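K.L.:
So that we are looking at the same thing, I have put the structure below in C-alpha coordinates.
The values are calculated or read from the model by the stated rules, or taken from the named source; none is laboratory data. All figures in this text were calculated on a predicted structure; none of them were measured in a lab. Note: ideal-geometry Cβ built from the backbone for every residue, glycine included; neighbour counts use all protein chains shown. Only protein heavy atoms, including side chains, enter the accessible area calculation; ligands, DNA and RNA are left aside. Shrake-Rupley method; radii C 1.70, N 1.55, O 1.52, S 1.80 Å.
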Amino acid sequence: RSKKNWDDTYTAWTKACDTGEAGSCTDLGRFVTNKHDPAWPGEQTSETYLRQGCDNGDAEGCYWLAEADLPKKGDPPEPAYLLLEKSCEGGHGDACAELGSIHVQRKTSFDDEIAAGHMETACDTGHFESCKELGSMYLRGKGVEKDRARAKELAQRYSVNARRRHLRLGAHFGFPYVA
(Lines give C-alpha, C1' and ligand atoms only; values in the text may rest on other atoms or scores of the structure.)
Protein backbone atom coordinates (compact mmCIF):
# COMPACT_ATOMS: atom_id res chain seq x y z
CA ARG A 1 0.00 0.00 0.00
CA SER A 2 2.84 2.35 0.77
CA LYS A 3 5.20 3.37 -2.02
CA LYS A 4 8.02 2.81 0.45
CA ASN A 5 7.37 -0.94 0.19
CA TRP A 6 6.92 -1.15 -3.57
CA ASP A 7 10.49 -2.27 -4.29
CA ASP A 8 10.19 -5.12 -1.79
CA THR A 9 6.73 -6.00 -3.10
CA TYR A 10 7.99 -6.15 -6.68
CA THR A 11 10.93 -8.32 -5.65
CA ALA A 12 8.80 -10.76 -3.63
CA TRP A 13 6.12 -11.17 -6.32
CA THR A 14 8.79 -11.55 -9.02
CA LYS A 15 10.47 -14.37 -7.08
CA ALA A 16 7.15 -16.09 -6.46
CA CYS A 17 6.10 -15.70 -10.09
CA ASP A 18 9.44 -17.06 -11.30
CA THR A 19 8.92 -20.18 -9.18
CA GLY A 20 5.55 -20.83 -10.85
CA GLU A 21 3.13 -19.27 -8.35
CA ALA A 22 0.43 -18.22 -10.85
CA GLY A 23 -1.43 -15.91 -8.47
CA SER A 24 1.75 -13.93 -7.85
CA CYS A 25 2.17 -13.41 -11.59
CA THR A 26 -1.35 -12.00 -11.74
CA ASP A 27 -0.70 -9.77 -8.73
CA LEU A 28 2.53 -8.61 -10.32
CA GLY A 29 0.73 -7.85 -13.59
CA ARG A 30 -1.76 -5.65 -11.78
CA PHE A 31 0.98 -4.11 -9.63
CA VAL A 32 3.26 -2.88 -12.43
CA THR A 33 0.43 -0.73 -13.80
CA ASN A 34 0.96 1.62 -10.83
CA LYS A 35 2.90 4.70 -11.85
CA HIS A 36 6.51 4.40 -10.77
CA ASP A 37 9.83 5.74 -11.94
CA PRO A 38 12.36 4.34 -12.68
CA ALA A 39 11.31 0.91 -13.91
CA TRP A 40 12.29 -2.02 -11.72
CA PRO A 41 15.16 -4.21 -12.92
CA GLY A 42 13.84 -6.85 -15.32
CA GLU A 43 10.32 -5.41 -15.30
CA GLN A 44 8.06 -6.68 -18.07
CA THR A 45 4.68 -5.48 -19.29
CA SER A 46 1.55 -6.04 -17.27
CA GLU A 47 0.16 -8.23 -20.06
CA THR A 48 3.21 -10.50 -19.91
CA TYR A 49 2.73 -11.17 -16.20
CA LEU A 50 -1.04 -11.62 -16.57
CA ARG A 51 -0.51 -14.05 -19.46
CA GLN A 52 1.97 -16.00 -17.33
CA GLY A 53 -0.54 -16.16 -14.48
CA CYS A 54 -3.36 -17.25 -16.80
CA ASP A 55 -1.24 -19.85 -18.58
CA ASN A 56 -0.19 -21.31 -15.22
CA GLY A 57 -3.79 -21.73 -14.09
CA ASP A 58 -4.79 -18.53 -12.29
CA ALA A 59 -8.37 -17.74 -13.32
CA GLU A 60 -8.09 -14.14 -12.16
CA GLY A 61 -5.15 -13.58 -14.51
CA CYS A 62 -7.28 -14.72 -17.45
CA TYR A 63 -10.04 -12.34 -16.40
CA TRP A 64 -7.71 -9.33 -16.21
CA LEU A 65 -6.22 -10.20 -19.60
CA ALA A 66 -9.71 -10.22 -21.13
CA GLU A 67 -10.95 -7.17 -19.23
CA ALA A 68 -8.95 -4.70 -21.31
CA ASP A 69 -10.70 -5.83 -24.51
CA LEU A 70 -14.28 -5.90 -23.21
CA PRO A 71 -16.63 -3.40 -24.84
CA LYS A 72 -19.31 -1.72 -22.74
CA LYS A 73 -22.02 -3.23 -24.96
CA GLY A 74 -22.04 -6.03 -27.47
CA ASP A 75 -19.87 -9.06 -27.96
CA PRO A 76 -16.19 -8.96 -27.08
CA PRO A 77 -13.54 -10.13 -29.54
CA GLU A 78 -13.20 -13.93 -29.63
CA PRO A 79 -9.84 -14.08 -27.77
CA ALA A 80 -11.31 -12.05 -24.89
CA TYR A 81 -14.43 -14.25 -24.82
CA LEU A 82 -12.27 -17.39 -24.65
CA LEU A 83 -10.24 -15.90 -21.80
CA LEU A 84 -13.47 -15.15 -19.94
CA GLU A 85 -14.61 -18.74 -20.43
CA LYS A 86 -11.30 -20.06 -19.13
CA SER A 87 -11.51 -17.74 -16.13
CA CYS A 88 -15.11 -18.71 -15.39
CA GLU A 89 -14.27 -22.41 -15.62
CA GLY A 90 -11.51 -21.69 -13.10
CA GLY A 91 -14.10 -20.30 -10.68
CA HIS A 92 -13.58 -16.54 -11.02
CA GLY A 93 -17.00 -14.98 -10.34
CA ASP A 94 -16.36 -11.69 -12.17
CA ALA A 95 -15.67 -13.59 -15.40
CA CYS A 96 -18.83 -15.68 -15.04
CA ALA A 97 -20.85 -12.53 -14.40
CA GLU A 98 -19.37 -10.89 -17.47
CA LEU A 99 -20.19 -13.93 -19.61
CA GLY A 100 -23.71 -13.91 -18.23
CA SER A 101 -24.10 -10.23 -19.13
CA ILE A 102 -22.85 -10.88 -22.66
CA HIS A 103 -25.44 -13.59 -23.20
CA VAL A 104 -28.28 -11.57 -21.64
CA GLN A 105 -27.58 -8.77 -24.13
CA ARG A 106 -28.03 -11.17 -27.07
CA LYS A 107 -31.74 -11.53 -26.28
CA THR A 108 -32.36 -15.09 -27.48
CA SER A 109 -33.87 -17.82 -25.33
CA PHE A 110 -30.83 -20.04 -25.92
CA ASP A 111 -28.52 -17.25 -24.74
CA ASP A 112 -30.77 -16.62 -21.73
CA GLU A 113 -30.25 -20.23 -20.62
CA ILE A 114 -26.49 -19.87 -21.00
CA ALA A 115 -26.61 -16.53 -19.14
CA ALA A 116 -28.53 -18.12 -16.26
CA GLY A 117 -25.87 -20.83 -15.93
CA HIS A 118 -23.07 -18.27 -15.83
CA MET A 119 -24.97 -16.07 -13.37
CA GLU A 120 -25.54 -19.10 -11.12
CA THR A 121 -21.82 -19.85 -11.08
CA ALA A 122 -20.98 -16.19 -10.45
CA CYS A 123 -23.49 -16.00 -7.60
CA ASP A 124 -22.11 -19.19 -6.04
CA THR A 125 -18.55 -17.81 -6.16
CA GLY A 126 -19.45 -14.59 -4.36
CA HIS A 127 -20.41 -12.18 -7.14
CA PHE A 128 -23.62 -11.07 -5.45
CA GLU A 129 -24.77 -8.66 -8.18
CA SER A 130 -25.25 -11.84 -10.22
CA CYS A 131 -27.53 -13.22 -7.52
CA LYS A 132 -29.74 -10.18 -8.00
CA GLU A 133 -29.80 -10.59 -11.80
CA LEU A 134 -30.43 -14.33 -11.56
CA GLY A 135 -33.25 -13.72 -9.10
CA SER A 136 -34.83 -11.38 -11.61
CA MET A 137 -34.49 -14.07 -14.28
CA TYR A 138 -36.26 -16.59 -12.02
CA LEU A 139 -39.01 -14.09 -11.28
CA ARG A 140 -39.68 -13.52 -15.00
CA GLY A 141 -38.93 -17.07 -16.18
CA LYS A 142 -36.18 -15.77 -18.47
CA GLY A 143 -33.78 -18.59 -19.36
CA VAL A 144 -35.00 -20.61 -16.36
CA GLU A 145 -38.32 -21.97 -15.18
CA LYS A 146 -40.30 -19.36 -13.26
CA ASP A 147 -39.75 -19.87 -9.53
CA ARG A 148 -40.75 -17.15 -7.06
CA ALA A 149 -39.23 -18.99 -4.08
CA ARG A 150 -35.84 -19.25 -5.79
CA ALA A 151 -36.07 -15.60 -6.86
CA LYS A 152 -36.74 -14.57 -3.27
CA GLU A 153 -33.84 -16.71 -2.00
CA LEU A 154 -31.45 -15.08 -4.48
CA ALA A 155 -32.70 -11.59 -3.66
CA GLN A 156 -32.10 -12.29 0.01
CA ARG A 157 -28.60 -13.60 -0.72
CA TYR A 158 -27.91 -10.38 -2.60
CA SER A 159 -29.30 -8.11 0.10
CA VAL A 160 -27.36 -9.83 2.88
CA ASN A 161 -24.02 -10.03 1.08
CA ALA A 162 -23.76 -7.26 -1.51
CA ARG A 163 -21.70 -4.20 -0.80
CA ARG A 164 -23.74 -1.26 0.34
CA ARG A 165 -23.74 1.62 -2.11
CA HIS A 166 -25.66 4.04 0.02
CA LEU A 167 -25.78 5.34 3.55
CA ARG A 168 -28.98 4.82 5.49
CA LEU A 169 -29.72 7.75 7.77
CA GLY A 170 -32.38 7.79 10.43
CA ALA A 171 -34.49 5.04 11.85
CA HIS A 172 -35.86 2.22 9.74
CA PHE A 173 -39.47 1.40 10.54
CA GLY A 174 -41.45 -1.64 9.46
CA PHE A 175 -43.53 -4.50 10.63
CA PRO A 176 -42.01 -7.90 11.31
CA TYR A 177 -43.45 -10.80 9.40
CA VAL A 178 -43.55 -14.53 10.01
CA ALA A 179 -43.15 -17.03 7.20
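K.L.:
Looking for something under 30 Å from Leu134 (Cα atoms), assigned to a helix (DSSP H, G or I), open to solvent by 60 Å² or more (accessible area, probe 1.4 Å) and not hydrophobic (A, V, I, L, M, F, W, C) - is there at least one such residue anywhere in the range 47-62?
P.N.:
Yes, the range 47-62 contains at least one residue that is under 30 Å from Leu134 (Cα atoms), assigned to a helix (DSSP H, G or I), open to solvent by 60 Å² or more (accessible area, probe 1.4 Å) and not hydrophobic (A, V, I, L, M, F, W, C).
K.L.:
Looking at (1) buried (at least 18 other Cβ atoms within 10 Å of the Cβ); (2) part of a helix (DSSP H, G or I); (3) of a type outside the set (D, E, K, R), can you tell me which one Tyr81 breaks?
P.N.:
Of (1) buried (at least 18 other Cβ atoms within 10 Å of the Cβ); (2) part of a helix (DSSP H, G or I); (3) of a type outside the set (D, E, K, R), only one is false for Tyr81: (1).
K.L.:
Next question. Determine which member of the set Ile102, Ile114 is surrounded by 15 or more Cβ atoms within 10 Å (Cβ to Cβ), touching an Asp or Glu at 6+ places or on another chain (Cβ under 8 Å) and not in a loop (DSSP other than H, G, I, E, B).
P.N.:
Ile102
K.L.:
Next question. Just to be sure I understand, how many residues within the range 64-91 are under 22 Å from Ser136 (Cα atoms) and at pLDDT 95 or above?
P.N.:
The number of residues fulfilling the criteria is 1.
K.L.:
Same structure, new question: Which one is nearest to the chain's Cα centre (by Cα), of the residues in the range 1-46 that are polar (S, T, N, Q) and not in a loop (DSSP other than H, G, I, E, B)?
P.N.:
The residue in question is Thr26.
K.L.:
For Gly57, all conditions in the list (1) under 19 Å from Pro79 (Cβ atoms); (2) of a type outside the set (S, T, N, Q); (3) out of contact with any helix residue (DSSP H, G or I) (no Cβ under 7 Å at 6 or more places or on another chain) hold save one; what is the number of the exception?
P.N.:
(3)
K.L.:
Still on this structure: May I ask you to list the residues in the range 28-46 that are open to solvent by 60 Å² or more (accessible area, probe 1.4 Å) and hydrophobic (A, V, I, L, M, F, W, C)?
P.N.:
Ala39
K.L.:
Could you grab me the full set of residues in the range 128-151 that are open to solvent by 50 Å² or more (accessible area, probe 1.4 Å) and closer than 21 Å to His92 by Cβ?
P.N.:
Phe128, Glu129, Lys132, Glu133
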